[in-house]
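The block underneath contains the structure these notes are about, expressed in structure tokens.
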């Protein structure tokens, strides 16, 4: 009788929940929910703020969250759905979800597909997913609902790129430790 292959700890996905303070803010944090599997990465990013004027963590799904505190009754139409759904003003949507994988023919290229596009977060989501897929050479599923409004310059390009760098460095660091016991 043939022996069964030994079970490797690398085949069991490991989940890490991390929180990083955002630079140039006093009270806003970046939260990462990272699942590292042997053949892919699943990562969700969001921001939260202790400042009540920046409600960055409130999830609002049209038709599900009906306890809206909107005063004017005006909704923002979602352009990706042709205007059939609206997110109440002052709420943060679910964000974007993308799938990125490294190219099999060229190590410097990646293939990225938006699964749930949200125009406010899509560009940053694709950028982070492409960088991770290229650096780690594994497919990446990335969900992103980060909001940089509470940052010093309101989420300037420099601030956003600093957050992208922090996310990439953190995930690459966790990926590098996946073979050892944590």
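For a Förster distance of 22 Å, can you work out the FRET efficiency between the beta-carbons of residue 12 and residue 94, rounded to the nearest 0.05? Write out the running numbers ahead of the final one.
On the way: r = 28 Å, r/R0 = 1.28.
For residue 12 and residue 94, the calculated efficiency is 0.20.
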Exercise for the section: Please report 36, 164 as a ranked list, fewest other C-beta atoms within 10 angstrom at the top and most at the bottom. Expected result: 164, 36
Exercise for the section: For each of 29, 156, count neighbouring Cβ atoms within 10 Å of the residue's Cβ, then give the residues from fewest to most. Expected result: 156, 29
Fill in the blank from the handout: Put in order of increasing Cβ neighbours within 10 Å, starting from the fewest, 44, 148 give 44, 148
Fill in the blank from the handout: In nanometres, the difference between 0.36 nm per residue of separation and the alpha-carbon distance of residue 106 and residue 40 is 21.9 nm
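Read-outs throughout are calculated quantities, based only on the coordinates presented, and are distinct from any laboratory measurement. This one's a predicted model, so the numbers in the text were calculated from it and none came from an experiment. We place every Cβ from the backbone using ideal geometry, glycine too, and count neighbours over all the protein chains shown.
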